[in-house]
Amino acid sequence: MYPLPAEILDGRVKDGFTYPVAVYDHDEGRSVTDGFAYHGRIAALRDKFIFGDIQRGRIFASDLAAMKKADDGIPQTVAPIEEVQLYVRDASGKRVDVSLTELIEKTLGSNPGRADLHISRTGDGELLLTSRQDGMIRMLVPDGASTASTGR
């Protein structure tokens, strides 16, 4: 890959290509898995594009409005991306931050080496996280429920 000339990068010259509206580079992770516009019950994720890293199992969000705004034909204009912090509630109700890899490791009893994350959604728009490593299906739910939740 070669860097874009400054006049294309800043939009002064149009080259006819369509550029990404959000960028997840290899310095952040390995490869992107499924992504969905979220319109479910978790307020912090609503109206965001949710996607993940297959290998590392990290989950990210980018605001849909910011992504639409970044679709201006200027390559250097991109929407910000933020990582979604997964957590569970322990027996006393205390929030415990976890990673998907840690949840998989707890199920398997050993480190899987990779997450093999895939994201899908239910008929009502909630997100499901699956991994070939442990065969579990996990649903992100609003806080206050007794199962795995997500927050930011």
Any residue in the range 60-67 that is surrounded by fewer than 14 Cβ atoms within 10 Å (Cβ to Cβ) and not in a strand (DSSP E or B)? yes
Specify the residue that is nearest to residue 127 (Cα to Cα); the eligible residues are those in the range 42-59 that are hydrophobic (A, V, I, L, M, F, W, C) and open to solvent by 50 Å² or more (accessible area, probe 1.4 Å). 49
Which one is modelled with the lowest pLDDT among residues in the range 108-152 that are surrounded by fewer than 15 Cβ atoms within 10 Å (Cβ to Cβ) and among the β-branched types (Val, Ile, Thr)? 147
Suppose we keep only residues that are in contact (Cβ under 8 Å) with a residue 24 or more places away in the chain and open to solvent by 50 Å² or more (accessible area, probe 1.4 Å) within the range 68-79. Which one would you say is nearest to residue 24 (Cα to Cα)? 78
A careful count of residues in the range 11-37 that are under 21 Å from residue 143 (Cα atoms) and touching an Asp or Glu at 6+ places or on another chain (Cβ under 7 Å) gives 0
If you take the residues of the range 1-41 that are of a type in the set (Lys, Arg) and more than 15 Å from the chain's Cα centre (by Cα), which of them is surrounded by the most Cβ atoms within 10 Å (Cβ to Cβ)? 41
Looking at this structure, is residue 15 without any contact (Cβ under 8 Å) to a residue 12 or more places away in the chain and under 30 Å from residue 133 (Cβ atoms)? no
Within the range 92-104, is there a residue that is farther than 22 Å from residue 130 by Cβ, open to solvent by 40 Å² or more (accessible area, probe 1.4 Å) and of a type in the set (A, V, I, L, M, F, W, C)? no
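The values are calculated or read from the model by the stated rules, or taken from the named source; none is laboratory data. Remember, it's a predicted structure, so these values are computed and weren't measured experimentally. Neighbour counts run over all protein chains shown; Cβ positions are idealised from the backbone, glycine included. Ligands, DNA and RNA are stripped out before the accessible areas are found, and what is left, the full protein with its side chains, is counted by its heavy atoms. Shrake-Rupley method; radii C 1.70, N 1.55, O 1.52, S 1.80 Å.
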